[in-house]
1. Condition first: among the hydrophobic types (A, V, I, L, M, F, W, C), under 27 Å from residue 279 (Cβ atoms), in contact (Cβ under 8 Å) with a residue 12 or more places away in the chain and surrounded by 17 or more Cβ atoms within 10 Å (Cβ to Cβ). Can you find one or more residues in region 125-134 that meet it?
2. Can you find even one residue in region 36-47 that is assigned to a loop (DSSP other than H, G, I, E, B) and within 18 Å of residue 138 (Cβ to Cβ)?
3. For region 68-87, how many residues are assigned to a loop (DSSP other than H, G, I, E, B) and crowded, with 18+ Cβ neighbours inside 10 Å?
4. Scan region 94-112 residue by residue and report those that are within 21 Å of residue 33 (Cβ to Cβ), aliphatic (A, V, I, L, M) and surrounded by fewer than 23 Cβ atoms within 10 Å (Cβ to Cβ).
5. Grab the helices (runs of 4 or more DSSP H) fully contained in region 225-316, keeping just those with 2 or more residues being crowded, with 16+ Cβ neighbours inside 10 Å and either touching a residue at least 24 places away in the same chain (Cβ under 8 Å) or aliphatic (A, V, I, L, M) (or both).
6. For region 161-184, give me the residue count where each residue is modelled with pLDDT under 85 and in contact with a Leu (Cβ under 7 Å, 6 or more places away or on another chain).
7. Regarding region 155-174, can at least one residue be identified that is farther than 30 Å from residue 118 by Cα and over 20 Å from the mean Cα position of the chain (by Cα)?
Amino acid sequence: MDSSDKLENLIDSLSQAILGKREIIRQLVIGISSNGHILFEDVPGVGKTTLVKGLAKAIGFRFRRVQCTPDLLPADITGVTVYNNKTGEWDFQAGPIFTQILLADEINRTSPKTQSALLEAMEEQQVTVDGTTRYLTEPFFVLATQNPQEYEGTFPLPESQLDRFAMKLTLGYPPKHEEKSLLNKFTYYEPLNYVENIMNPEELLKIQREIEQVYVDDSILEYATELSRESREHQQIELGISPRGTLHLIKSAKATACLAGRNFVLPDDIQEMIYPVYSHRLVINQAALLERLENEEVIQDIINKVRVPGNTGRFR
């Protein structure tokens, strides 16, 4: 079974637990297979936590969950060094971040100081406590959920932390017929009972290495660069896409190509992934807010303004 088939089987398995959201699950699988952290933003009760738990079960990840609250401390995530009276030595008690999938539930309900405790782990896959650096195991992912910012008692994530999430995904409410099917299917059985183990973490690492080898033509790199540059110069955008964001766009496009059974990236792969990769990074300005423009509309305008590479490798 090749990588494309394994990833499709993973999508199929997760789709048994979260009904009517196959496209979002597909984007989640693309994000994970391109070694990215994922941010879910949505109202409570739509299945965000269930989806993350299902992913851990389907790949056999070690899984820890942190419920973020205003009184949560950085040490509650990273761990703490305590004095051992019996040995006379300082012992490190590892926090929940020492896992393979960390679910940071309602991350924007905890303080900015505690949110920042994740920065080093997300970027460098290591944690420094009391001057000692400890490395995390591979693979390691932070999958965080947050409530929309208009909810009371939330602390907006700073741009520096948002930029470390490869994608932002939104499940939304299920369609009417899917919600009825959900009631019929999950009244007696837990959704996670329908999720099967598809692969192990080592197999995912192998798929990630294959995705790294997917070919990206120079014209595609130019296309991605121009999209990001347009975001920085766009008249309705206050903060555009960083080089890290452009890199995540290329990585996710390579995973999209792999999922499609190709070993090369097409412009369509870039255009498909630009929305989840860009949406949480763009900060639109006050004029755009007054016009009630959404990030998705501005992203579409960016796409419309940048010419697409043709078959010759030049912009058409």
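The values are calculated or read from the model by the stated rules, or taken from the named source; none is laboratory data. Note that this is a predicted model, so its numbers are computed, not measured. Here the Cβ is made from the backbone with ideal geometry for all residues, glycine too, and neighbour counts use every protein chain on show.
1. No, that holds for no residue.
2. yes
3. 3
4. Initial filter on region 94-112 (within 21 Å of residue 33 (Cβ to Cβ)): 99-104.
Still in the list and also aliphatic (A, V, I, L, M): 101-104.
Across region 94-112, the qualifying residue is only 101.
5. Passing ranges, in order: 243-259, 267-278, 295-305.
6. Qualifying residue count for the region: 4.
7. The first filter runs over region 155-174 and keeps only residues farther than 30 Å from residue 118 by Cα, leaving 174.
This time we only want the ones that are over 20 Å from the mean Cα position of the chain (by Cα), so: 174.
Within region 155-174, one or more residues are farther than 30 Å from residue 118 by Cα and over 20 Å from the mean Cα position of the chain (by Cα).
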